[in-house]
Structure formats: structure tokens, C-alpha cells
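Here, each number is a calculation from the coordinates, and none is a lab measurement. No experiment lies behind these values; they were computed from the predicted model shown. Every residue, glycine as well, gets a Cβ built from its backbone with ideal geometry; the counts of neighbours run over all protein chains shown.
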Amino acid sequence: MESKEVKPSFSFKYLFLVAITAAIIAGVGFGLSKLYEARPIHEVTMIKGYSINVIGDASLPKDKIEVEYYLKGEKRKKISSLFRNKVIIKNSGNIGVSNLEVTAILKDEKAELVDSPKLESSPLNILDVISVSKNENSTNKKHIWVISLLNPGESVSFDYSIFSESKLDSVLFELIARKKDLKVKQEELALSKDTSISEVIFLVFSGFILFLASIFLVALPFYLIQWFRRSDYREHYITFSQFYNKHSPRHLFKPFVVKDIANK
């Protein structure tokens with residue numbers, strides 16, 4: 001007495017589940033992206049750019065070149081320390097931010113802020129249609145600015161020069177954004193680097209492992225259902241592990257096996 005069982009091919013083990021897996025993953029991803037886009041995100045990101053000690057630049061051949069800086073004005077002051085600090089303020093949310101208050105703070109007693117930092121924007125024409133105004137209560141240690149509007153993805157950068165008549169190795173400078181119910185993130189501007197071959201191999205291998213794991217998770221419930229429903233599968237394979245490893249997915253929902261009775 002033998003049962004007519006079709007022998008599965010290992011190469012076709014997961015083929016019919018690939019489409020199901022792709023559809024589920026795509027559907028979940030699409031749904032999550034829509035939920036993320038739908039919720040309002042009131043957020044800006046403060047990106048710390050360069051911080052340069054202009055006079056103390058170690059790359060200058062000081063044994064051959066002597067550079068002196070003076071502050072323009074009625075009283076020419078010789079500057080012994082000069083620093084440049086750049087901070088970018090970007091709307092990293094999905095709604096516009098209006099009347100954003102930005103404060104530049106210098107915590108060194110012997111240093112001063114220039115009256116007007118260099119302003120830049122992304123896109124470049126943003127500064128033509130918005131206002132970045134300085135509060136009249138600002139001092140040489142503290143500047144208060146108001147940015148009229150930053151739409152999602154737009155940014156304004158403050159390039160500050162900080163000077164001192166005294167010799168300083170560094171300065172404590174900070175740019176702070178404040179607004180009610182506004183989330184402020186802090187980041188540092190990093191140079192992009194090329195992805196190495198080993199990193200590419202690791203990413204490809206990790207993606208392959210995740211793909212196989214996702215297929216396993218999708219297939220397992222169907223095999224469990226059929227294992228408990230079908231007595232012929234239990235009789236033939238004895239254990240669930242053998243059933244899962246050896247039974248072809250394309251034959252998972254086929255009709256019950258009809259047993260042949262040999263003529264005596």
C-alpha cells in the first residue's frame with residue numbers, strides 16, 4: 001500500500017511565497033509611510049558646521065609668514081584672536097515654522113561677536129522672500145534673531161566671526177532656537193564618505209538574511225494550519241520539521257491523498 005505523494009523540489013520551496021511576502025512588506029511599508037507623513041511634525045534641526053581658529057591655524061608657516069588683523073572703525077584695534085563658527089538651522093519637520101527665535105550666545109568675557117554674521121540659505125533665494133531680523137536688545141555677547149518663516153526642508157545658516165584683543169585658544173559659542181511646542185534636534189555637519197566593499201557585502205548579506213527570515217515568518221502559519229488540519233500529512237511526515245522542510249509550498253493545499261490498495 002503506497003501513497004501517491006509528489007516529491008518536492010527544493011528550488012521551488014519558497015517561490016509561491018515570495019509574492020505574498022513582497023506584497024505584505026510593501027503594504028506595511030506603504031501604510032507606515034502614510035501614517036508618518038500624515039502626523040504633523042513641528043521640528044527644526046541645529047546643525048553645527050565648521051569651527052575655525054583663523055589666526056591660530058596650524059597650517060600657516062608662522063616662521064615665514066606673519067599675519068595681523070585689525071578691527072575696522074574709528075579706533076583700529078589689533079585682534080589677537082579670531083574664530084569663525086557656522087550653524088545651520090533647518091526645518092526638518094513637515095509643517096512651516098514661523099517667527100522662529102534664534103539666539104547666538106558667546107560665553108567668553110574677553111571676546112565679542114561681530115555685529116552682522118554672514119547669512120546663507122537653502123534654497124538660495126529664500127533670503128529674498130523672508131526676513132531675518134535682529135532684536136534691538138542684542139549685545140556684543142548675545143544676538144537675538146527672528147526668522148519670519150522656514151518651510152519644510154528650508155534652512156538658514158549663520159556664519160559668525162568672533163574676535164578678541166587677547167590671545168585665546170578657543171571660545172564658547174552657541175546658537176539656540178526656541179519656540180513653543182517646537183522640537184529641536186542637534187546634529188553635526190559630517191563629510192560624506194564612500195561605502196567600502198566590505199560594507200556593501202555586509203549590507204547585501206544582511207538583506208538576504210532578512211529576506212529569508214521574512215519568508216519563513218510568512219510561510220510558518222500556513223504550514224502550521226495544514227499540519228493540524230491534515231492527518232495524511234502527519235502520517236506521512238511524522239514530525240512537523242520534516243513536513244516543513246520537505247513538503248513543497250505549491251502542494252500545501254492540494255486535496256487529500258488517495259491511497260491505492262494493491263491487488264492481492
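Values for this structure:
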| read-out | value |
| --- | --- |
| Per-peptide average of other Cβ atoms within 10 Å, ordering 102-112, 171-181, 127-137 highest first | 102-112, 171-181, 127-137 |
| Segment Arg39-Ser51, length gained on full extension (0.36 nm per residue, minus Cα span) | 0.7 nm |
| Unsatisfied cross-links (Cα-Cα over 24 Å) in the set Lys141/Lys167; Lys72/Lys179; Lys78/Lys134 | Lys72/Lys179; Lys78/Lys134 |
| R0 of 51 Å, Cβ-Cβ distance Leu210-Asp169: FRET efficiency to nearest 0.05 | 0.55 |
